[in-house]
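**Student:** Below is the structure I would like to discuss, written out as structure tokens.
The values are calculated or read from the model by the stated rules, or taken from the named source; none is laboratory data. A quick note: this is a predicted structure, and the numbers were derived from the prediction, not measured. Cβ atoms come from the backbone with ideal geometry, glycine included; neighbour counts cover every protein chain shown.
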Amino acid sequence: MKIYLVCGKTDLRKGMDGLVALVTEAFSLDAYDNAIFLFCGTRSDRFKALYWDKTGFVLYYKRIENGRFQWPRNQSEVKKINAHQLER
């Protein structure tokens, strides 16, 4: 499975259809692929994840109570992470 982290700020008011359109139109990716697409808004304490599970789209919304995600705001800030770092 691929994981795509969308750099920058995404309008988290977008629902499934808006995020699918963003994936397909802005990034020319297949939203129906075996992949998870991660989006972060202006506030770095919440994100959305979009996934196609072969029967429909799943939209996951997470807000952490303490702290913030270190979300890359541009392509130069993107870093590889391993599974252990992802679990934190």
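**Student:** With the requirement that a residue be of a type in the set (S, T, N, Q) and either closer than 20 Å to Pro72 by Cα or within 12 Å of the chain's Cα centre (by Cα) (or both), what does the stretch 1-27 give you? Talk me through it step by step, then tell me what you get.
**Tutor:** At the first step, the residues of the stretch 1-27 found to be of a type in the set (S, T, N, Q) are 10, 24.
Residue satisfying the conditions is Thr10 alone.
**Student:** Now, a different point. Are there any pairs, at least 6 apart or on different chains, whose C-beta atoms fall under 7 Å, with the first in the stretch 52-65 and assigned to a loop (DSSP other than H, G, I, E, B) and the second modelled with pLDDT under 95, and if so, which?
**Tutor:** Short answer, once both residue conditions are applied: Ile64/Asp45.
**Student:** Check whether at least one residue in the stretch 29-37 is part of a helix (DSSP H, G or I) and among the small types (Gly, Ala, Ser), and report yes or no.
**Tutor:** So the first thing to find is which residues in the stretch 29-37 are part of a helix (DSSP H, G or I), and the list is none.
For the stretch 29-37, residues part of a helix (DSSP H, G or I) and among the small types (Gly, Ala, Ser): absent.
**Student:** Under the condition of being of a type in the set (A, V, I, L, M) and at pLDDT 90 or above, which residue from the stretch 7-30 is nearest to Phe57 (Cα to Cα)? Let's see the steps before the verdict.
**Tutor:** Let us first name the residues in the stretch 7-30 that are of a type in the set (A, V, I, L, M), namely 12, 16, 19-23, 26, 29.
Of the ones still in play, those that are also at pLDDT 90 or above are 12, 16, 19-23, 29.
Working: Leu12: 16, Met16: 7, Leu19: 10, Val20: 9, Ala21: 13, Leu22: 14, Val23: 13, Leu29: 15 Å.
Among those residues, the one meeting the criterion is Met16.
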